[in-house]
Amino acid sequence: MARKSHKAEEITDKFQRVEAFTAEGRSAAEALRSIGVMEVTYYRLQ
């Protein structure tokens, strides 16, 4: 399976969505699952 590369705008949008979810009181893991990103990927890109 080929890797999908995301544009910088898409990545920043996903980071903002995770921040919004965690501000609502959700855990980071739950927020990441809801947008379809693995925890390892999130912390590696941070």
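Once the chain from E39 to D13 is taken as fully extended at 0.36 nm per residue, the excess over their C-alpha distance is 7.7 nm.
Dividing the summed helix terms, -39500 (n - 2.57) for each DSSP H run of n ≥ 4, by the number of residues in the chain produces a 222 nm estimate of -20000 deg cm²/dmol to the nearest 500. For the chain, the pair-distance distribution built from all alpha carbon pairs, in bins 10 Å wide starting at 0, is 26, 57, 15, 2 percent. For the chain, the longest principal axis of the Cα atoms and the long axis of helix 8-23 meet at an angle of about 20 degrees.
All of the numbers you see were taken from the coordinates with simple rules; none came from a lab. Given the structure is predicted, the values throughout are model-derived calculations rather than measurements.
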